[in-house]
Every structure is written in C-alpha cells, then in structure tokens.
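J.: Just dropping this structure here.
The values are calculated or read from the model by the stated rules, or taken from the named source; none is laboratory data. Because the structure is a prediction, the values reported are computed rather than measured. A quick note on method: Cβ atoms are made from the backbone with ideal geometry, for glycine too, and the neighbour counts reach across all protein chains shown. Areas reflect the complete protein model, heavy atoms only, side chains present, ligands, DNA and RNA absent. Shrake-Rupley method; radii C 1.70, N 1.55, O 1.52, S 1.80 Å.
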Amino acid sequence: MSVRDLIPWGRGTNAPVPSRMRDEPASPFLTLHREMNRLFDEVFSGFSTGALAPAMRGLGWPSVEVVETEQGLRVSAELPGLDEKDVELFIEDGILTLRGEKRSETSDKERGYTERSYGRFERSIALPLAVEEDKAEASFKNGVLSVVLPRSAKSPERGRRIAINGGTPQTTAH
C-alpha cells in the first residue's frame with residue numbers, strides 16, 4: 001500500500017474521490033479500501049444531524065454544569081422527565097456521583113400497542129476542590145437538579161514544592 005492510499009480525499013468537502021492515481025495499476029483491493037473509507041466518512045460525518053444523533057446525545061447524558069464560586073461549588077444537571085425519587089446522589093472521596101433510572105410506558109388500546117423504554121444512567125464528577133461533604137444540599141425543580149457544595153476550610157494542598165539540590169550529583173556503584 002502506498003502513502004497515497006492514506007490521503008483523505010474528499011473529507012469535509014464535496015470534492016470527488018479520484019478513481020485511481022496516474023501511476024498505479026487498478027486493484028480491486030485498493031478500490032474496496034477507498035470505498036470503505038468513503039462509507040465510514042459518510043456515516044460518521046452525519047452524527048450531529050443524522051438519524052444517529054439521539055444515540056450520540058445519550059453518551060454524555062445528563063448534561064452537567066459545574067461552577068466554582070467563592071462559597072464552593074454549584075453543580076446543575078438537566079434531567080427532563082424525571083422526579084427526585086428517580087435520582088440518587090452520592091459524594092465520596094472528592095467524587096460526586098449522580099445516578100438514576102428513567103422509565104416510561106405508553107399504551108394505546110385503540111391501536112393495540114404498548115411501548116416501554118427504560119434507561120439507567122450514572123455520571124461521576126471529580127470535584128476540583130475540597131468540599132464539606134456533610135453540608136452538601138440538593139434541590140430538584142422542573143427537571144433540573146441543583147447541588148450546592150460548600151468549600152472546605154481545611155482544603156488540602158494541591159501541590160508541594162520540591163527542593164533542588166545544587167551540589168554534585170550522587171553516583172551509584174553498579
């Protein structure tokens with residue numbers, strides 16, 4: 001395979017893919033390779049707008065926002081269609097975990113069908129600063145979970161300075 005086979009012709013543009021290079025003989029494997037590349041480019045370029053968009057949105061669900069304030073941290077999560085009984089919050093060792101389950105069931109006796117959908121989710125968020133875990137407060141209103149985590153007065157050191165010795169390097173005997 002030559003380096004020319006790796007050139008992403010037509011990616012991001014509507015430029016046509018060259019059928020073959022001038023100096024190369026026609027090969028069915030090379031044609032297959034180019035067609036497979038084109039197929040993957042077309043499929044994966046349409047994730048944000050195509051039929052697979054809902055599936056891709058679920059990868060980061062629920063949407064979470066973490067804001068640092070002078071008092072501590074404010075965490076907001078969008079959980080449309082859920083109630084507070086469907087959501088659990090845990091905080092341990094500087095990690096906030098949001099977990100829950102969404103269930104829905106729709107029946108239409110007139111048309112003779114029932115649809116059910118279930119989905120579990122879990123998001124773990126490493127907190128950027130030390131918080132007082134026992135004073136954390138959470139509220140749930142209109143599908144938005146808000147968590148307030150007060151800053152800890154005894155915040156641990158994030159780093160420490162390491163002294164550099166200016167003397168001669170130590171040698172070890174082998």
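J.: Touching an Asp or Glu at 6+ places or on another chain (Cβ under 8 Å), of a type in the set (S, T, N, Q) and at pLDDT 90 or above: does that describe Ser63?
T.: No.
J.: Kindly check whether there is at least one residue in the stretch 130-142 that is in a strand (DSSP E or B), modelled with pLDDT under 90 and under 18 Å from Val66 (Cβ atoms).
T.: yes
J.: Separate question: Would you say Thr49 is in a strand (DSSP E or B), among the polar types (S, T, N, Q) and either modelled with pLDDT under 85 or open to solvent by less than 80 Å² (accessible area, probe 1.4 Å) (or both)?
T.: In short, no.
J.: Counting just the residues of the stretch 81-118 that are in contact with a Lys or Arg (Cβ under 9 Å, 6 or more places away or on another chain) and in a loop (DSSP other than H, G, I, E, B), which one comes out least open to solvent (accessible area, probe 1.4 Å)?
T.: Result: Leu82.
J.: Still on this structure: Can you name the residue in the stretch 58-80 that is within 20 Å of Glu132 (Cα to Cα) and among the acidic types (Asp, Glu) and is also surrounded by the fewest Cβ atoms within 10 Å (Cβ to Cβ) among such residues?
T.: The selected residue is Glu70.
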